[in-house]
Amino acid sequence: MTPPAPLHTAAAEAPVGVTADAWAESGSELCVSFALVPRPGSAAQARRLANAQLLGWDIGEDARDAAALVVSELVTNAIVHTASHRIVCELCTKPGSLRIAVRDDGYGSGVPRPAQEGPDADEEHGRGLLLVEAVSNAWGVRDEGPGAGLTVWAELRA
């Protein structure tokens, strides 16, 4: 499996007033990104921003619900497991596909991966990447290099 291009490469920003349908006809990938300050309300803010964008692209309700889960989990992981000063969330769509990527500053304790064995029923944490894996066609982690951070991405059906 080939990971997606880094944030803002091989993707284009849609001109104002161009619908997702018209953009899809051009064969290009449509992408937007937004930056977040890592604080307790950032995951909820990311869900709201992502949902508004996906509504604008006329992405169906099931894909929006799955995207909300993925955005929430990936942003929360970036907040909880890194000492990042900034988190960037990117949404990209092309016909039938939606990609979500979250990049942090990479000051964490290793590469994210789902728990090998499921967390105990009483544990509060440990299910996020298992959920991402369950709702995604593919997901992965890309190390952007020394000092450049980590990007965790997931691809969904749109």
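Pairs only if they're at least six apart or on different chains, beta carbon under 8 angstrom, first in segment 86-107 and in contact (Cβ under 8 Å) with a residue 60 or more places away in the chain and within 12 Å of L54 (Cβ to Cβ), second of a type in the set (V, I, T) and assigned to a loop (DSSP other than H, G, I, E, B); list them, first residue then second.
Short answer, once both residue conditions are applied: T93/I59; L98/I59.
Can you find a residue that is among the aliphatic types (A, V, I, L, M), in contact with an Asp or Glu (Cβ under 6 Å, 6 or more places away or on another chain), part of a helix (DSSP H, G or I) and at pLDDT 80 or above anywhere in segment 85-98?
no
Please specify each residue of segment 133-158 satisfying the condition of being charged (D, E, K, R), modelled with pLDDT of 90 or more and assigned to a strand (DSSP E or B).
Matches in segment 133-158: E155, R157.
Hey, any hits in segment 18-41 for a residue that's open to solvent by less than 50 Å² (accessible area, probe 1.4 Å), of a type in the set (S, T, N, Q) and at pLDDT 95 or above?
The answer is yes; a qualifying residue exists.
Sort out which residues of segment 70-85 are open to solvent by 10 Å² or more (accessible area, probe 1.4 Å) and free of Cβ contacts under 8 Å to residues at least 40 places away in the same chain, and write them in order of number.
If the condition is that a residue be open to solvent by 10 Å² or more (accessible area, probe 1.4 Å) and free of Cβ contacts under 8 Å to residues at least 40 places away in the same chain, then S72, H81, A83 are the ones that fit.
The values are calculated or read from the model by the stated rules, or taken from the named source; none is laboratory data. On a predicted model such as this, the values are computed, not experimentally measured, just so you know. Heads up, the Cβs are rebuilt from the backbone with ideal geometry, glycines too, and the neighbour counts pull from every protein chain shown. Each accessible area value is taken on the protein alone, full model and side chains, heavy atoms only, with ligands, DNA and RNA left out. Shrake-Rupley method; radii C 1.70, N 1.55, O 1.52, S 1.80 Å.
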